[in-house]
Amino acid sequence: MYPFEPLLFFGDNGGGDQFAFVRMPERDDVFVWDHETDSRNWISPSLESFLRSALGSGGEDWYR
């Protein structure tokens, strides 16, 4: 689990969870911060993969 300092948040799921990149060390991976559990989990290897998954899904919790 990453601390908040290296994360760059760029969006949310509409329910409170937020999506982020890791700035230091720089990575292409996308992580999600779960606002209920305070967990930070890997969800995608790249922004392109993230967008394909998010836009191709039918709900706000597609990454679970």
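Nothing in this text is a laboratory measurement; each read-out follows from the coordinates by a stated rule. Source: prediction; values computed, not measured. Cβ coordinates were reconstructed from backbone atoms using ideal geometry, including for glycine residues, and neighbour counts include every protein chain displayed.
List of remarks:
- Flag for Trp33 being touching a residue at least 12 places away in the same chain (Cβ under 8 Å) and in contact with a Ser or Thr (Cβ under 8 Å, 6 or more places away or on another chain): yes
- Checking each residue in segment 25-64 for being acidic (Asp, Glu), more than 12 Å from the chain's Cα centre (by Cα) and under 17 Å from Phe4 (Cβ atoms) picks out Glu26, Glu36, Asp38.
- For segment 31-55, the set of residues classified as out of contact with any Phe, Trp or Tyr (no Cβ under 8 Å at 6 or more places or on another chain) and not hydrophobic (A, V, I, L, M, F, W, C) consists of Asp34, His35, Glu36, Thr37, Asp38, Pro45, Ser46, Glu48, Ser49, Arg52, listed by residue number.
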